[in-house]
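To keep things clear, I will list the structure first and then write my remarks on it.
The values are calculated or read from the model by the stated rules, or taken from the named source; none is laboratory data. Keep in mind that what you see is a predicted model, and the values were worked out from it rather than measured. Cβ sites come from the backbone with ideal geometry, for glycine too, and all protein chains shown count toward neighbours.
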Amino acid sequence: MNEVVCRDCGSIYTDELDSCPKCGSKKKEIYFSVKSTLDIPFEVTEMRGKKPHLTGKKKNIWEWTNKKTVRGDNGTPVRRYKLIDRENDWYEEVVTDLTTGEVSHECKQKLSEHTGHGSAKFKNKIEQEK
């Protein structure tokens, strides 16, 4: 069961109810926690915050990824943490070497300034060729 807070009156109730028992409002905030205790070689934890009335990638207002993987260039085991927060225009990525604990890559910046990476790399290349 999750804790629900009515956005109109602030009443707290369980998520088993469709509407607030105090004022009848259907506007609510749901609070939940996620715990992961698995320790497997390629552990991946992903979460997304969505706005159901939007479509495509725009409906994901934030994405959070925390995974164990290996670096492609040398096979070193690493933990890769990434946060994309579209509503607040924020991007974070931290790559930590699991053997030494050393941070090998860290990027924290406005999402609108995070260009030339991933699929945006190809868009920039096409624009440069014109």
Where residues in the stretch 6-29 are at pLDDT 85 or above and part of a strand (DSSP E or B), which of them is surrounded by the fewest Cβ atoms within 10 Å (Cβ to Cβ)? Ile12
Which residues, taken from the stretch 61-104, are in contact with a Gly (Cβ under 7 Å, 6 or more places away or on another chain) and either of a type outside the set (Phe, Trp, Tyr) or modelled with pLDDT of 90 or more (or both)? Ile61
